[in-house]
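The values are calculated or read from the model by the stated rules, or taken from the named source; none is laboratory data. For clarity, every value in this text was computed on a predicted model and none was experimentally measured. Positions of Cβ are generated from backbone atoms using ideal geometry, with glycine treated the same way; all protein chains shown enter the neighbour counts. When the accessible area is computed, the model is the full protein with side chains, heavy atoms only, and any ligands, DNA or RNA have been set aside. Shrake-Rupley method; radii C 1.70, N 1.55, O 1.52, S 1.80 Å.
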Amino acid sequence: MTPFEREIAENRKLWDAWTAIHTAGTFYDVQRFRDDPTDVRIRPWELEEVGDVTGRSLLHLQCHFGLDTLSWARLGAAQVTGVDFSEPAIAFAKELAAETGLAQRSRFVVSDIYALPGPLVGETFDVVYTGRGALGWLPDLGPWARTVAGFLAPGGVFFIHEGHPVLWTIADEQPTDGLTLEYDYWGGETMSFPVEGSYADPTADVDAEVEHGWNHSLGEIVTALASSGLHIDFLHEKRELDWPAPFLVDRGDGVHVWPETMAGSLPLMYSLRAHKE
């Protein structure tokens, strides 16, 4: 058995089960995407930071069931390719592409990140994209970064929008007069937890027992990409979070921030763009 093979297989079982919950629930509101051809799930600032994708080819790694992938097609990408290790997620992505008239400009492939390039061998893309909630499921960033670089065409852009590593150190339950850390910022250890619902539906009955995650420091992420030959264009740390956390407050528009009672703040998300010469 290869390193982390068991953990990845158990995570795959979890994401297979989560797919049914996420595609039917209100968190992702898939029906709105079906009904409204102008609905896209890419944030305006993401589009600004990535740049115009009109006429470009785009690869989305760890795409789940393709909602963001197909959004990039609606934003003008000539051809989008989504990759995920969950067969039910990819099957749903293909169905959604057909239902929304995007099948001709999209392709979805089942593959573990560590098995790539696999069915995409020899291909390159103008943009490689990774959305939020992805890196923490990967135990080793070296192969991931080399995969990203290998898929980029000369002059191509890599972009990631992700939860900040600081975020993953913070305990959910906080005292009234301070901030408690529960996990190591530097990572390196497998963190395993019993499955309790889903981030999209904490009360859901999930046919999976355990989930595994890995924290990666910002230095590790940047160094992995730079070591793969990519040139970092920018790294933006952000004060806002796109989803709820017990220690944050909703500022009124669905974005979550530190409460005003905090004397200072820590970064909650980041975005990074790099390019290949």
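May I ask you to derive the FRET efficiency for A153 and A91 from their Cβ-Cβ distance with R0 = 30 Å, giving the value to the nearest 0.05?
With a Förster radius of 30 Å, E is 0.55.
Pull out a ≥ b ≥ c, the square roots of the eigenvalues of the alpha-carbon gyration tensor of the stretch 55-141, then state rounded if a/c is under 1.5, prolate if not and a/b is larger than b/c, and oblate in the remaining case.
Taking the square roots of the gyration eigenvalues as a ≥ b ≥ c, the stretch 55-141 is prolate.
Just to confirm my numbers, what's the Cα centroid distance between the stretch 1-55 and the stretch 158-202 in Å?
19 Å
When all C-alpha to C-alpha distances in the chain are sorted into bins of 5 Å, what percent of pairs does each bin hold, rounded to whole numbers?
1, 5, 12, 16, 19, 19, 15, 9, 3, 1, 0, 0
Treating the beta-carbon of each Lys and Arg as +1 and of each Asp and Glu as -1, no other charges, what is the dipole magnitude of the stretch 188-276 about its Cα centre, to the nearest 20 debye?
Using Cβ point charges on Lys, Arg, Asp and Glu, the stretch 188-276 gives about 640 debye.
Charges at C-beta only: +1 for Lys and Arg, -1 for Asp and Glu. How large is the resulting dipole of the chain about its Cα centre, in Debye rounded to 20?
Charge dipole of the chain: 1060 debye, to the nearest 20.
D242 to A103: extension gain in nm, 0.36 nm per residue of separation minus the Cα-Cα distance?
Full extension from D242 to A103 adds 47.2 nm.
Probe radius 1.4 Å, ligands and nucleic acids ignored: give me the carbon and sulfur share of the accessible area of the chain as a rounded percent.
Result for the chain: 53 percent of the exposed heavy-atom area is carbon or sulfur.
If a/c stays under 1.5 just call it rounded; otherwise compare a/b with b/c (prolate if a/b is bigger, oblate if not). Do that for the stretch 162-277, with a ≥ b ≥ c from the square roots of the Cα gyration tensor eigenvalues.
Verdict is oblate for the stretch 162-277.
Provide the per residue accessible area, probe 1.4 Å, for the chain, rounded to a whole number of square angstrom.
Per residue, the chain has 47 Å² of solvent-accessible surface.
Heavy atoms only, 1.4 Å probe, whole protein assembly: order W144, W168, W186 by accessible area, highest first.
Ranked from most to least accessible, the order is W186, W168, W144.
Quick one: order Y114, Y28 from most to least accessible surface, probe 1.4 Å.
Y114, Y28
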